[in-house]
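The values are calculated or read from the model by the stated rules, or taken from the named source; none is laboratory data. Keep in mind that this is a model prediction, so the values were computed, not measured. We place every Cβ from the backbone using ideal geometry, glycine too, and count neighbours over all the protein chains shown. These accessible areas exclude ligands, DNA and RNA; they are computed on the full protein's heavy atoms, side chains included. Shrake-Rupley method; radii C 1.70, N 1.55, O 1.52, S 1.80 Å.
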Amino acid sequence: MATVSDRAIEAVLDAATRDLTRTVPAVLALLDKVTPTPSHRTTIAAVRGRWETDPGWRERAARFRPNPRMLRHIVVNWAYHGYLQGIKKREKVAERLGFTPPSFILLDPTEACNLRCKGCWAGKYEVHTLPWETVDRIISEAKELGIRWIVLSGGEPLAYKHLFDMLEKHQDVMFMAYTNGTLIDDKVADRLAELGNFSPSISLEGFEEETDWRRGPGVYQKVMAAMDRLRERGLIFGASVTVTSRNVKDLFSDAFIDHLIEKGVIYVWSFHYIPIGRDPDLSLMVTPEQRAWLYRRVRELRKTKPILIADFWNDGEVVGGCIAGGRHYVHINANGDVEPCAFAHFATANIKEMSLADALRSPLFAAYRARQPFHSNLIAPCPIIDHPQALRAMVAESGARPTHEGADNVLQPEVAAKLDERAEAWLAQAEELWAEYHGGQGATNGKARGGERIAAETAAEAEHALAGR
């Protein structure tokens with residue numbers, strides 16, 4: 001049954017689809033009234049501040065006519081029920097479970113894919129596909145835990161034959177998918193517009209030469225055509241980029257970011273290359289110096305470009321460190337293995353054999369929760385590339401098994417030694433960045449505080465920066 005808040009949001013959204021520039025402040029004001037925590041109100045205030053001070057966002061909104069159904073799903077299901085109200089339900093569930101459920105799940109319904117990209121992290125899996133009944137159960141159990149955001153990966157999510165069954169049945173869930181974009185033809189785009197609860201995040205490596213080098217000849221042009229179809233239908237979509245030592249400056253150049261904005265991209269997920277998957281190549285990892293440049297560059301772009309950018313590793317300070325291991329998300333692969341994240345291919349649980357709640361109790365996730373955050377400097381959050389000794393300890397302690405052949409390469413002495421060396425070099429850079437952006441000494445020397453306090457303080461600092469204060 002629709003609540004008063006639901007009906008009020010619906011009324012505002014009806015007007016929003018006609019003129020975003022006039023109704024975005026009304027949507028933010030309404031969300032502020034129904035927000036359950038001070039930290040959420042701080043986030044909303046930050047967004048409002050950015051909207052009021054950055055004409056680029058208002059100019060972009062004036063040209064955009066969003067798909068009404070999709071706008072409702074994002075505001076009602078994702079922002080309101082999933083983010084603002086979902087935390088209440090997850091806290092109540094935590095009283096029963098003994099830990100707070102994650103806020104979203106990364107799910108691979110299939111490992112089938114029409115491309116064979118160099119270095120794909122899914123490239124070492126056998127081609128498994130989860131039965132529709134299992135996928136349906138996972139999503140239903142997630143909703144019972146207060147989770148209304150499901151992120152799809154693979155493989156290629158659009159190759160999953162039950163995709164539209166999933167979107168149609170679970171209209172109270174917002175889905176996002178990491179996709180290569182090549183399967184988004186007019187028929188698929190029309191169906192996504194009808195359903196409204198699916199936002200594609202399309203993978204790119206840069207412009208045409210770099211994208212086709214990794215993904216195959218002709219892929220870039222297919223992606224550009226897919227973006228045009230999505231934009232024409234008012235769908236909200238993003239881009240996903242894998243940052244390597246050879247493309248970092250290109251991906252975050254003014255030319256490329258402006259190109260994404262012109263194509264209609266609303267958000268960008270930035271992932272650093274991790275040496276896993278098919279034929280891992282440590283030389284493709286960004287160097288500590290490149291990673292420090294990226295940290296500064298993303299913060300500059302956030303102040304100057306009307307596009308949302310999430311830098312998965314370098315934004316650790318905003319979310320209190322590593323979000324994996326069930327803290328904010330888990331990864332369920334197409335064989336049902338419940339992994340800490342998309343890049344740590346180890347498991348002590350399989351969703352085919354137990355409920356989602358029981359999988360979240362697994363020994364490997366318990367080991368993660370006991371150690372998070374992995375360091376007081378949250379700019380170095382990751383137990384794979386920033387604190388690889390922690391990953392080795394957690395796998396050993398929990399008895400976790402690799403989920404595919406070669407997954408344990410990151411634990412082997414030769415690779416482990418190189419990751420340890422790289423991690424030490426990055427921590428030195430991270431200490432300098434912490435001192436530069438947070439004042440005083442580095443986190444280890446000058447601000448060795450508790451993880452929760454660090455998370456709260458740095459999140460507030462990030463929100464103020466977002467607001468341009």
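Couple of notes before you dig in:
- Prolate/oblate/rounded call for the chain, Cα gyration tensor, a/c under 1.5 rounded: rounded
- Calculated on C-alpha atoms, the gyration radius of segment 157-205 divided by its Kirkwood radius gives an Rg/Rh of 0.94.
- Measuring nothing but how far apart in sequence close Cα pairs (under 8 Å, 6+ apart) lie, relative to its length, segment 47-183 scores a relative contact order of 28 percent.
- Cα centre as origin, Lys/Arg/Asp/Glu Cβ charges: segment 257-402 dipole, Debye: 280
- Note on the chain: helix-only mean residue ellipticity at 222 nm, from DSSP H runs of 4+ residues weighted -39500 (n - 2.57) and normalised by residue number, equals -14500 deg cm²/dmol.
- Placing unit charges on the Cβ atoms only, positive for Lys and Arg and negative for Asp and Glu, gives the chain a dipole magnitude near 1220 debye about its Cα centre.
- Here the chain exposes an accessible surface that is 53 percent carbon and sulfur, computed with a 1.4 Å probe and the other protein chains kept in place.
- Counting only aspartates and glutamates at least 8 places from Lys305 when in the same chain, those with an alpha carbon closer than 12 Å to its own are Asp54, Glu59, Asp254, Asp258, Glu262.
- Prolate/oblate/rounded call for segment 103-202, Cα gyration tensor, a/c under 1.5 rounded: oblate
- Leading residue at positive end of dipole, the chain (Cβ point charges), from Ala423, Ser362, Tyr80: Tyr80
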